[in-house]
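A.B. asks: Please find one structure pasted underneath; my questions will follow.
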There are 4 protein chains.
Amino acid sequence: MATVKSAMREVLGHIQNAIYELDEGKVEQMIKTILKAKKIFIHGTGRSGLVAKAFAMRLMHLGFNVWVIGEIVTPPVSRGDLYIAISGSGETHSVIDAAKISKATKAKVVAITSHPESTLGKIADLVVKVRGRTKLMEKPTSYIARQMLGKHTTLAPLGTVFEDTALLFLDGIISELMIILGKTEKELKARHTTFE
Amino acid sequence: MATVKSAMREVLGHIQNAIYELDEGKVEQMIKTILKAKKIFIHGTGRSGLVAKAFAMRLMHLGFNVWVIGEIVTPPVSRGDLYIAISGSGETHSVIDAAKISKATKAKVVAITSHPESTLGKIADLVVKVRGRTKLMEKPTSYIARQMLGKHTTLAPLGTVFEDTALLFLDGIISELMIILGKTEKELKARHTTFE
Amino acid sequence: MATVKSAMREVLGHIQNAIYELDEGKVEQMIKTILKAKKIFIHGTGRSGLVAKAFAMRLMHLGFNVWVIGEIVTPPVSRGDLYIAISGSGETHSVIDAAKISKATKAKVVAITSHPESTLGKIADLVVKVRGRTKLMEKPTSYIARQMLGKHTTLAPLGTVFEDTALLFLDGIISELMIILGKTEKELKARHTTFE
Amino acid sequence: MATVKSAMREVLGHIQNAIYELDEGKVEQMIKTILKAKKIFIHGTGRSGLVAKAFAMRLMHLGFNVWVIGEIVTPPVSRGDLYIAISGSGETHSVIDAAKISKATKAKVVAITSHPESTLGKIADLVVKVRGRTKLMEKPTSYIARQMLGKHTTLAPLGTVFEDTALLFLDGIISELMIILGKTEKELKARHTTFE
C-alpha cells in the first residue's frame, strides 16, 4: 500500500518539474489562439485521448464551439479553426494525419507533446512542450520507491507522467480562460450536461 | 499565464493533501478485491468516466478481464465480479443504478468518492475516500492565486480536484499491482493496443 | 449459409410491413419539429444508441446543430430544443430520465418506439410508432426459415427488427430533409468529417 | 412525407439486389473463420463503425471474445485472431493500417466491402462483397422518387445503401451463428448488458 502513496508522490514530483519547465510565452500564445478560433477540435489516442476529452468538456462548459476528433457529430475542419493534438511521443499516426489535414485546410495546429522535434512537433504552428518521464527521471526520486521497485524501473509506466501532467496543464488553461472570460464556477455549472 | 502555473500548483496542493488523507487499510482491501475478481467493471460519468477509462485501460495492460460500463462489448455482471464506481458526489444516478444491480447479482461494489456518506457510499461493500475540493480548500492557498481570482472562488472548478486526484490515485493502484504481479513496463507495453 | 440470406429476407419482410404501417401524419410532424428546433439531441442505448448515432451523423452532414446524449461535448438541453429518443420498448431507464428532464426544460420530446403506450410514449410530445417484431411475426414467414429454426423462434433476435427498421426509417427522414432543404449529396459530402 | 416511405422502399430495393448478389461460398468461409478465431476484432469508421459495433455487440451476446478497435479495453491482436473490417470503399486509411498490422501479426483479415479490388480487398484473406449503390442504381427505381428528386440524384446519400445492407447482412451472420451454436434468443438475452 505504501506503494500507492509513493507512486502518487513520484508522479507529483514529475509534475512539479514539468510545471517549472513550461514555457510561459508558448502557453500565452496557445490561450490567444484558443480565444481567436472559430471552431476547436481536440484530438489524442489512448489515454491521451481521454485527456483530450476532459479538456474538450471543460471548453464546452466555457461556451466554446468545440469537438473531439472521432466523435459522431464532429464537423469538418476549415480555415480559421484550431486543431489541438495531444501526443506524448508526437509520433501517433492518426494524430499526424489529422494535423496534416488541418494544415492543408488552413486551420491552426497546436501540439501538446514531450517531443517538439517529433513529426507532429514539426507540423504544428505552435508546440507547447509538456515534459513526460525522461531517462533521468526513470530513477524514482524517493528512497522507498527505489527499494520497492526491484526489477521495475518506474512506478509510472508508459505515458503515465505525460498524461497526468497534460491533464493538469490543460485544467490550468481552463482556469486562465475562466478568468479572462470572467466566467464563474456557477456559469460553468449551468453549461454542465443535464443528463447523466 | 502565471495563472496556468498557479492553477496547476493549486491542484497539486489539493492532491498532496488528498494523498495524506488516503486510508491505507481501505486501499489495501481494494487491491485484494481487484486481485480476486473474476471480471472487473469500471464506471463513471462525465470527466469521472474518463478517469474510469484511463484506469480500465491500464488494468487491461496488466492482463485483467476488465470492461467499462457503457461500451459496446461489455458483458453482463455476475456473482464473483467486481464493480468499481468513480463518483465525486456519490450521487450520480446511473452509477447508483448500476451499483444496485451489481449488488443484486452478488458482485462486489467498490466506490471511489469524496462522500462515503452518499447513496453510492452506503451501497458499496468498500469505500475509498478520495478528497475533492472542500469548502475550506476553496480559498486558494497561494497568494498570487487569491489576488488573481477576483470574483472567482476557485482555480479548479467543479469536480476538477476530485477527478485529477482520482486519476493519480488509480495510477498508484496500477503501480502496486505491477509490483505484486511482477509485471515490467515492457510487459505492459506488449499488451498495449496494436492500433492507433 | 442459406440461413444468412433467409434471415436477411425475413428482416426485409418485417421492414416492408413496418413501412406500410408508418403514420404519415406523425412523420410529417416529426420533420416540422426537426426543422424548428434550436438544438437537437439524439438518444438511445445499446444497438438503438448506434442507430441514434447514425441518424445524428447525417443531421450534422445536413448542417443541423445536433448532439448525441452521452458524448463528451454535448451541451445542456434548454427551451426550444428537441430531444429525440429511440427505444423499442419505450421503457429504457436512462432514456425515460432524459425525456423527463427535457420536458422539464420545455424542450420538445419525440419518441421513436414500437410501444406508444410505454412510459416514454406517454412522456413524449410526439410518438412515431416503428413496428418491431410482434408475437405474430415471430413465426418466420418463409418456409425455409421455419424449417431451419428448430428450437429457435426467430431469425431476428431481441431488438433486431426494431433497430434495423428504425435505421432505415431515420435514413428516410434524412432523404426528405435533403429535398426540403435543397441539399445535394455533394453538399453533404462537404460536411463529412475530414478525419478518418 | 411520401418521400420517407419512398426512400425506405428505395433502400429496400437496393438491399434485395445485394442479397441476391451475396456469394454464398464466401459467407460460409466467413462463418467458419469466426468460429475458429481466438479473439475477434471488429473495425469501421463513421457510420460503418456503428455497423461494426452493432455486429460486435451481438457476437458478445453469443459468447464470443470480441472487441471493437478503438474502444478502451481492446487488447492487442495476435496470431490466431480475426480482424473484420467494414469499409464500403475499402480505402479508409485507419482500416487499411489496422488490416496491415493484423496481417503482420498472423491474424486473419476479413473485409466486408463493396470493392474487392480496393486496397483493403487486396490485403484481406477473405473478401465478402456487399454491394452499395452503383452508378446504375443512382437512378431511383420508383417513379414517385424520380419525380421528387429534381436536382437530387439519389434518396440514399453517401454510404447509406452499403451501411444499411451491411447491418442486415451481419445480422444474418448472427442468425446463422445462433443456429450453429444452438443458442436461443433467451440465452442471448442472458448475455445482454445488465446496465442501461
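A.B. asks: Those residues that are facing chain C (nearest Cβ under 8 Å), assigned to a helix (DSSP H, G or I) and either touching an Asp or Glu at 6+ places or on another chain (Cβ under 9 Å) or surrounded by fewer than 18 Cβ atoms within 10 Å (Cβ to Cβ) (or both), I need them from the stretch D:186-196; list them, please.
C.D. replies: Scanning the stretch D:186-196 gives a single hit, D:LYS189.
A.B. asks: Taking into account only those residues within the stretch B:113-147 that are of a type in the set (Val, Ile, Thr) and part of a helix (DSSP H, G or I), which is modelled with the lowest pLDDT?
C.D. replies: Out of the qualifying residues, it is B:ILE144.
A.B. asks: Considering only residues that are in a loop (DSSP other than H, G, I, E, B) and over 14 Å from B:LYS38 (Cβ atoms), look in the stretch B:64-82 and name the one that is most open to solvent (accessible area, probe 1.4 Å).
C.D. replies: B:GLY70
A.B. asks: Still on this structure, please answer the following. Can you spot a residue in the stretch C:43-50 that is of a type in the set (Lys, Arg) and over 20 Å from C:LEU126 (Cβ atoms)?
C.D. replies: yes
A.B. asks: Looking at A:VAL66 and the list (1) aliphatic (A, V, I, L, M); (2) within 13 Å of chain B (Cβ to nearest Cβ); (3) within 16 Å of A:ILE173 (Cα to Cα); (4) touching a residue at least 24 places away in the same chain (Cβ under 8 Å), which single condition is not satisfied?
C.D. replies: (2)
A.B. asks: In the stretch D:173-185, which residues are part of a helix (DSSP H, G or I) and free of Cβ contacts under 8 Å to residues at least 60 places away in the same chain?
C.D. replies: Answer for the stretch D:173-185, where residues must be part of a helix (DSSP H, G or I) and free of Cβ contacts under 8 Å to residues at least 60 places away in the same chain: D:SER175, D:ILE179, D:GLU185.
A.B. asks: Turning to a different aspect of this structure: Taking A:GLY46 as the residue in question, decide whether it is within 14 Å of chain B (Cβ to nearest Cβ) and in contact with a Gly (Cβ under 7 Å, 6 or more places away or on another chain).
C.D. replies: No: the conditions fail for A:GLY46.
A.B. asks: Right, B:ALA54: open to solvent by less than 10 Å² (accessible area, probe 1.4 Å) and of a type in the set (Gly, Ala, Ser) or not?
C.D. replies: yes
A.B. asks: On to the next question. Quick check on this structure: which one of B:GLY25, B:GLY44 is within 29 Å of A:PHE55 (Cα to Cα) and either of a type in the set (Gly, Ala, Ser) or modelled with pLDDT under 95 (or both)?
C.D. replies: Of the residues listed, the single one that is within 29 Å of A:PHE55 (Cα to Cα) and either of a type in the set (Gly, Ala, Ser) or modelled with pLDDT under 95 (or both) is B:GLY44.
A.B. asks: Among (1) at pLDDT 95 or above; (2) open to solvent by less than 10 Å² (accessible area, probe 1.4 Å); (3) touching a Lys or Arg at 6+ places or on another chain (Cβ under 6 Å), which single condition is C:VAL110 missing?
C.D. replies: (3)
A.B. asks: While we're on this one: Give the number of residues within the stretch A:15-46 that are open to solvent by less than 10 Å² (accessible area, probe 1.4 Å), within 24 Å of C:VAL73 (Cβ to Cβ) and part of a helix (DSSP H, G or I).
C.D. replies: 4
A.B. asks: Of all residues in the stretch A:99-116, how many are over 21 Å from A:ILE31 (Cα atoms) and either of a type in the set (A, V, I, L, M) or touching a residue at least 24 places away in the same chain (Cβ under 8 Å) (or both)?
C.D. replies: Result for the stretch A:99-116: 3.
A.B. asks: Here is a follow-up. Give me the pairs, please: first residue somewhere in the stretch B:10-22 and farther than 14 Å from B:GLY172 by Cα and small (Gly, Ala, Ser), second residue anywhere and outside any helix (DSSP H, G or I) and open to solvent by 20 Å² or more (accessible area, probe 1.4 Å), beta-carbon distance under 7 Å, and either six or more positions apart or on two chains.
C.D. replies: As it stands, the answer is B:GLY13/B:THR141, since those pairs meet every condition given.
The values are calculated or read from the model by the stated rules, or taken from the named source; none is laboratory data. Predicted, not measured: the structure shown is a model, and the values here were computed from it. We place every Cβ from the backbone using ideal geometry, glycine too, and count neighbours over all the protein chains shown. Heads up: the accessible areas ignore ligands, DNA and RNA and are worked out on the full protein's heavy atoms, side chains in. Shrake-Rupley method; radii C 1.70, N 1.55, O 1.52, S 1.80 Å.
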